[in-house]
Each structure stands twice: as C-alpha cells, then as structure tokens.
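*Asks:* The following block contains the structure, expressed as structure tokens.
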Amino acid sequence: MSRASASREFRYFPEEDNAPIPLVTCAIPGVTFGFSAAGRLAAILHETLLDLQARVALQELGADTPLFLVLPDALAREFPMRAELREDAARRRDVLGEFVLRQTFDNLGISWRGGKRFFAGGHVAFAQALQAAREVLTSRKAGACLVVAVDSLLSAPTLGQLALSRRVKTEDHPVGFVPGEAGVALLLRPVTGHPDASTPSPVLLQDVCVLESPEPERADGRDLAACVQRVLPPGESASEEPLLVSDHNGEQRRALEWGNLLLRLRTERPEWRLERTWFPALGFGETGVVSGALGVCVTLRGLERGYARTRSAVVLTSEDRQAPRAAILLSTSKKEGRS
C-alpha cells in the first residue's frame, strides 16, 4: 500500500527549470488539507483518537491511565512561535503538547482525567516514550498507558526547508525521502496470567532499548547492532531469527548505516539469513517522530495475522545527526512477556 501522490499544497522548482511542479508526498486523505503547523498535528491526533475510540472508550479510562504524547520539535518543523520559546526546548515541547491535546480533546468533547507527559525530538522519541510507559506498567503504578505519536512534514514551511536542503526525493534528486504524516495511538496493558491456549496469542511488548553513542555522527551500524543484541533474549536460537523493521527512508546516511548493520549482524549471528526486512516508509513516507510507532503498528498487525511469518520482530530507529539509537522487541510467543 502506498499513499504517495502529487501534493495539492506545495510545488518546488527543479534545477535549471523555471516552472514549479508538485512535490510527491504521502498526505492523509481528507484530514489535513488546509491545515498547517500545530493545527495540522491537532487534526491528525483528532482522527487518530477517533479511530482508537472505535475499539476503546477513551472517556472510560480512569485517572490512573497516563498519556505519553510524542511530537516533533516545533523549531525543527518551522512552526511560528514566540521568540522566547526558540531558546527553551523543554518549554517549547510542553506548550505545543498542551495546545495539541487541549484542541483535540475539546473537539472530541472529552476531558482527559489521567496524567500526561510530552516527548519531542526525532525518530527515537517514540521509543523513549514507550520505554517510559513500560517502566510505569512494570512498576504497577498504572493499569494502562496510552502512548500517542503525531507528526507531519507537509506544512509549507517544513517542505520549503526540506526542499532547499535537498533531503526530499524529486525527479532531479532521487536520493532522499518522500515526506509524509501519520498518527499512532497504542493502549498498553500489563500481562496478567497466562494466555488461553485456545485463543490467538497476544502481541507482547517484550523489551525496549534506547542507546546513547559517544560518537553521534558515526553510521557504521555498531549502535543499531548493539540495540538488537540487547533486546533479544539470551541464548536465542537460530530458528528464532526476528523480522527486522527499519525506519530507513531513502536517505544516503540511513542507507549506509543499514548496510553496515547487516554486515555486523551477519558476523555476530552467522545463522541468520537476513533476507526479510520491512520498510514502512515505502508506503507511508517519512513520518518523523511517528516512524517508530508506525513500525510497531505494522509489525503488530503482521504478527497477529501471520504476514510476518515469524514469532518476533525488532523495530529499529535512529536519529539523523544525533547519538540515540533504539530497538523495540515485539513477540507472539506463548511465554509470559515482561509488559
């Protein structure tokens, strides 16, 4: 499935051509057209929670259900803001989070009773939020956690910046990504007891690893390989090779890191064939902070429905120019999960 189509909102000028042409993007059909900046994020979050409400009554979630909201950095997305917020990343994150949540819940007619915590940044921000939620569930401080991520690279100022820096894929510049947008909401609950053998095995969040590197710029694959090794159970057999799900989006640096990762994994796990990898960006474009969350959703459905043809999968994410790398292990194993 691919959402790629010519943008109705943005045109760019190819090199040595004075006629602008539409940029290929992956927009959410009928949801975000005409919205920009924080308003676009609120529109995405509104539709995301509406979809979740078809399965879960949000108004029935108690005050003991915290919400973890992952957002892009407003400064990186060229959002308009007050001058003082440009020098205060934490305040900038909280102001954006409060605005998007308030606008969304007002539109839904819901008053959120649980606590809330905001995360902002790049691709690894979702893994950091997921790790924080998992710690809350493991400590039994909450009966459930709602982890939500929303992002859009399709506001005109953002697209203008990306086009000028030649990061997007165009006819005259094929090395780059297709900009996209997405929203993901996951309701996490701790494992209770043992699953009934007669029912389908639930998908379990087995582990999350977020790894800082002493050398932020390196793309030799060692940090991603270390993340894979840390989330896998000790003594994992050759028959249990996981599906790998990557946030590789077409950019040269990510391609280099991904190739180096495969070389390292072949050395560390010679029994692995490494023939199957999923790249969600092929269908949904580059979705920023939602890339890891989208990888989890695709993986979850693949494990549930048998598309993955394996019992476990590792979702991998990395930052563009910064140190953190992350891995998320999901499994349908009958063994009791950790959260």
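*Asks:* Suppose we keep only residues that are at pLDDT 90 or above and among the basic types (Lys, Arg) within segment 310-332. Which one would you say is most open to solvent (accessible area, probe 1.4 Å)?
*Replies:* Among residues in segment 310-332 that are at pLDDT 90 or above and among the basic types (Lys, Arg), the one most open to solvent (accessible area, probe 1.4 Å) is 311.
*Asks:* To continue, here is another question. One residue is enough: does segment 120-133 have a residue meeting the conditions in contact with a helix residue (DSSP H, G or I) (Cβ under 8 Å, 6 or more places away or on another chain), more than 30 Å from residue 245 (Cβ to Cβ) and surrounded by 15 or more Cβ atoms within 10 Å (Cβ to Cβ)?
*Replies:* No, segment 120-133 contains no residue that is in contact with a helix residue (DSSP H, G or I) (Cβ under 8 Å, 6 or more places away or on another chain), more than 30 Å from residue 245 (Cβ to Cβ) and surrounded by 15 or more Cβ atoms within 10 Å (Cβ to Cβ).
*Asks:* What number of residues in segment 1-21 are under 28 Å from residue 187 (Cα atoms) and surrounded by fewer than 14 Cβ atoms within 10 Å (Cβ to Cβ)?
*Replies:* Count: 2.
*Asks:* For segment 6-16, give me the residue count where each residue is farther than 12 Å from residue 170 by Cα and assigned to a strand (DSSP E or B).
*Replies:* 4
*Asks:* Output yes when any residue across segment 35-54 is part of a loop (DSSP other than H, G, I, E, B) and either charged (D, E, K, R) or under 25 Å from residue 279 (Cβ atoms) (or both), and no when none is.
*Replies:* Looking for residues that are part of a loop (DSSP other than H, G, I, E, B) and either charged (D, E, K, R) or under 25 Å from residue 279 (Cβ atoms) (or both), one finds none in segment 35-54, hence no.
*Asks:* Let me ask something else about it. Taking the condition of being at pLDDT 90 or above, of a type outside the set (S, T, N, Q) and under 22 Å from the mean Cα position of the chain (by Cα), how many residues in segment 5-32 meet it?
*Replies:* Here the count works out to 5.
*Asks:* How many residues are open to solvent by 20 Å² or more (accessible area, probe 1.4 Å) and of a type in the set (Lys, Arg) when one looks only at segment 31-63?
*Replies:* Of the residues in segment 31-63, 1 are open to solvent by 20 Å² or more (accessible area, probe 1.4 Å) and of a type in the set (Lys, Arg).
*Asks:* I'm trying to understand the selection: among the residues of segment 206-253, which are hydrophobic (A, V, I, L, M, F, W, C), assigned to a helix (DSSP H, G or I) and modelled with pLDDT of 90 or more?
*Replies:* 224, 225, 226, 227, 228, 231
*Asks:* Identify all residues within segment 254-280 that are in contact with an Asp or Glu (Cβ under 7 Å, 6 or more places away or on another chain) and either of a type in the set (A, V, I, L, M) or assigned to a helix (DSSP H, G or I) (or both); write none if there are none.
*Replies:* Passing the criteria: only 260.
*Asks:* Going through 73, 106, 64 one at a time, which residue ends up being among the acidic types (Asp, Glu), in contact with a strand residue (DSSP E or B) (Cβ under 9 Å, 6 or more places away or on another chain) and outside the structural domain of residue 292 (by the TED database)?
*Replies:* Result of the check over 73, 106, 64: 73.
*Asks:* I would also like to ask the following. For residues that are surrounded by fewer than 17 Cβ atoms within 10 Å (Cβ to Cβ) and either in contact with a Lys or Arg (Cβ under 7 Å, 6 or more places away or on another chain) or assigned to a helix (DSSP H, G or I) (or both), tally how many sit in segment 106-119.
*Replies:* Residues in segment 106-119 being surrounded by fewer than 17 Cβ atoms within 10 Å (Cβ to Cβ) and either in contact with a Lys or Arg (Cβ under 7 Å, 6 or more places away or on another chain) or assigned to a helix (DSSP H, G or I) (or both): 3 in total.
*Asks:* Moving on to the next point. For segment 22-30, state whether one or more residues are open to solvent by less than 50 Å² (accessible area, probe 1.4 Å) and without any contact (Cβ under 8 Å) to a residue 24 or more places away in the chain.
*Replies:* The answer is yes, given that some residue of segment 22-30 is open to solvent by less than 50 Å² (accessible area, probe 1.4 Å) and without any contact (Cβ under 8 Å) to a residue 24 or more places away in the chain.
*Asks:* Sticking with this structure for a sec: Name, by its number, the condition in (1) in a helix (DSSP H, G or I); (2) without any contact (Cβ under 8 Å) to a residue 60 or more places away in the chain; (3) surrounded by fewer than 20 Cβ atoms within 10 Å (Cβ to Cβ) that does not hold for residue 160.
*Replies:* In the conditions (1) in a helix (DSSP H, G or I); (2) without any contact (Cβ under 8 Å) to a residue 60 or more places away in the chain; (3) surrounded by fewer than 20 Cβ atoms within 10 Å (Cβ to Cβ), residue 160 misses (2) alone.
*Asks:* Further question: For segment 175-189, does any single residue satisfy the condition of being in the same structural domain as residue 52 (by the TED database), crowded, with 20+ Cβ neighbours inside 10 Å and over 22 Å from the mean Cα position of the chain (by Cα)?
*Replies:* No.
The values are calculated or read from the model by the stated rules, or taken from the named source; none is laboratory data. The structure presented is a predicted model; accordingly, all values stated were derived computationally and were not measured. Heads up, the Cβs are rebuilt from the backbone with ideal geometry, glycines too, and the neighbour counts pull from every protein chain shown. Just the protein is used for accessible areas: all its heavy atoms, side chains included, with ligands, DNA and RNA removed. Shrake-Rupley method; radii C 1.70, N 1.55, O 1.52, S 1.80 Å.
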